[in-house]
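As structure tokens, the structure follows; a few thoughts come after it.
The values are calculated or read from the model by the stated rules, or taken from the named source; none is laboratory data. Model, not experiment: these values are computed from the prediction. Heads up, the Cβs are rebuilt from the backbone with ideal geometry, glycines too, and the neighbour counts pull from every protein chain shown.
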Amino acid sequence: MSKAIHVVTGAFGYSGKYIAKRLLDEDREVITLTNSWQRENPFEDRVKAFPFNFDNPDKLVKSLKGAGVLYNTYWVRFNFSDNKINFKHNNAVENTLKLFSAARAAGVRRIVHVSITNPSLDSPLEYFSGKAKLEKALIDSGLSYAILRPTVLFGKEDILINNIAWMLRKFPVFGVFGDGSYRLQPIYVDDLARLAVEQGKSSENVIIDAIGPETFTYRELVKKIGEIIGKERPIISVPDFAGYNIGRLIGRLVGDITITEEEIKGLKANLLWTNSPPAGTTRLTEWTRQNAHMLGVKYANELARRKDREKPYDRL
């Protein structure tokens, strides 16, 4: 197994980068499949990049030949299209099914797949139903698998935690949807990467809730971040439609999608919480204290990352 290639999707992005780094630290041979193969390579010649080639199954299979483990982080956060880019949940599902099929054809031994907490085929939310479809397909594929179900990731390149801090720095009050009592269990991105690499060495089929050691209500999370970065603000309850429209307005100002109706529903349905033991050890509160000087100083723009496929995330 030590000589087998390890394939990481999106190694020039967020979670994939941390997985690739840990594999390289173990002296593994790593390649990446990515839509951003022209993005600046943080690993230089240590990680070769190949396009996904979802529309060319033969090329996709060829890029996976010799791989022992595939670490799949590929997904989209929301549906979006304009005259420059187009991505949707249903396309992400179709593409991931092609990836699983190609992995099987290429003789990949094991897939470590990043999913989400509380996926459900019956969910009215595309994010959660789509993730459930992929879990079922992987389980039914006959391949060895580890399914990791994180809630919210935090780290230097994250979106949610950073942009909460950004809004606390920019605005005199902070609005939460409803009473803000719905819960989250953020996990540090490198803890997820450690778990992924550990599972790559195993052969047991497992599903793991990849949650962090701290649980917050959304209101508590905002309050704690404000305290730590020195920007405590009044936290007010707002109706969902008002919060969504305020988010849309902010999104227009920064050229991004700050929040979606599905994300609001997922939060309020407690889908980012589970009654499982923590898989991560890094506390968000401790990490925030260590990074308070930079957290939220700059807005983290999801669309900018997808439109510009050349610059590193931290320069967008």
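Restricted to segment 223-266, and to residues there that are touching a Phe, Trp or Tyr at 6+ places or on another chain (Cβ under 9 Å), in contact (Cβ under 8 Å) with a residue 40 or more places away in the chain and among the charged types (D, E, K, R), the residue that is surrounded by the fewest Cβ atoms within 10 Å (Cβ to Cβ) is ASP240. Among the criteria (1) touching a helix residue (DSSP H, G or I) at 6+ places or on another chain (Cβ under 6 Å); (2) of a type outside the set (Ser, Thr, Tyr); (3) modelled with pLDDT under 95, the one ILE116 does not fulfil is (3). All of ASN72, ASN41, ASN35 fail the test of being at pLDDT 95 or above and within 26 Å of LEU153 (Cα to Cα), apart from ASN72. When residues in segment 19-60 are screened for being more than 17 Å from ARG305 (Cα to Cα) and of a type in the set (Ser, Thr, Tyr), 1 of them pass.
Give the residue, chosen from TYR18, TYR14, that is within 14 Å of the chain's Cα centre (by Cα) and surrounded by fewer than 22 Cβ atoms within 10 Å (Cβ to Cβ).
On inspection, the qualifying residue turns out to be TYR14.
The set of residues from segment 306-315 being surrounded by fewer than 17 Cβ atoms within 10 Å (Cβ to Cβ), in contact with an Asp or Glu (Cβ under 9 Å, 6 or more places away or on another chain) and assigned to a loop (DSSP other than H, G, I, E, B) comprises GLU310, LYS311. Sub-6 Å Cβ pairs linking a first residue in segment 48-65 that is of a type in the set (Lys, Arg) to a second residue that is in a loop (DSSP other than H, G, I, E, B), at least 6 apart or interchain, are LYS59/ASN53, ordered by first then second residue. Scanning segment 127-168 for residues that are without any contact (Cβ under 8 Å) to a residue 40 or more places away in the chain and of a type in the set (Asp, Glu) returns a single hit, ASP140. When segment 78-110 is filtered for residues that are over 23 Å from the mean Cα position of the chain (by Cα), among the small types (Gly, Ala, Ser) and outside any loop (DSSP other than H, G, I, E, B), the ones remaining, listed by number, are ALA105, ALA106. In the set ALA165, ALA132, ALA137, only one residue is outside the structural domain of TRP287 (by TED's automatic domain parsing) and touching a helix residue (DSSP H, G or I) at 6+ places or on another chain (Cβ under 7 Å); that residue is ALA137. Consider VAL69 carefully, then state whether it is within 24 Å of GLU135 (Cβ to Cβ) and either crowded, with 22+ Cβ neighbours inside 10 Å or touching a Gly at 6+ places or on another chain (Cβ under 9 Å) (or both). For VAL69, the condition - within 24 Å of GLU135 (Cβ to Cβ) and either crowded, with 22+ Cβ neighbours inside 10 Å or touching a Gly at 6+ places or on another chain (Cβ under 9 Å) (or both) - is met. Out of curiosity, is GLY266 in contact with a helix residue (DSSP H, G or I) (Cβ under 7 Å, 6 or more places away or on another chain) and of a type outside the set (A, V, I, L, M, F, W, C)? Against the criterion (in contact with a helix residue (DSSP H, G or I) (Cβ under 7 Å, 6 or more places away or on another chain) and of a type outside the set (A, V, I, L, M, F, W, C)), GLY266 qualifies.
Which of the residues that make up segment 279-305 are charged (D, E, K, R), more than 25 Å from VAL76 (Cα to Cα) and assigned to a helix (DSSP H, G or I)? GLU286, ARG289 - these are the residues of segment 279-305 that are charged (D, E, K, R), more than 25 Å from VAL76 (Cα to Cα) and assigned to a helix (DSSP H, G or I).
The set of residues in segment 31-47 that are farther than 23 Å from ALA92 by Cα and either touching a residue at least 12 places away in the same chain (Cβ under 8 Å) or crowded, with 18+ Cβ neighbours inside 10 Å (or both) comprises GLU40, ASN41, PRO42, PHE43, ARG46, VAL47. Within segment 183-216, the set of residues being of a type in the set (Ser, Thr, Tyr) and either touching a Leu at 6+ places or on another chain (Cβ under 8 Å) or without any contact (Cβ under 8 Å) to a residue 12 or more places away in the chain (or both) comprises TYR188, THR215.
Entry remark, segment 143-198: residues being more than 16 Å from the chain's Cα centre (by Cα) and under 20 Å from GLU261 (Cα atoms) number 12 in total. Could you tell me whether LEU303 is modelled with pLDDT of 95 or more, out of contact with any Pro (no Cβ under 7 Å at 6 or more places or on another chain), within 23 Å of LYS131 (Cα to Cα) and crowded, with 16+ Cβ neighbours inside 10 Å? No: the conditions fail for LEU303.
With the structure loaded, tell me whether LEU272 is more than 21 Å from ALA304 (Cα to Cα) and touching a Gly at 6+ places or on another chain (Cβ under 8 Å) or whether it fails that test. Taking the combined requirement at face value, the residue satisfies it.
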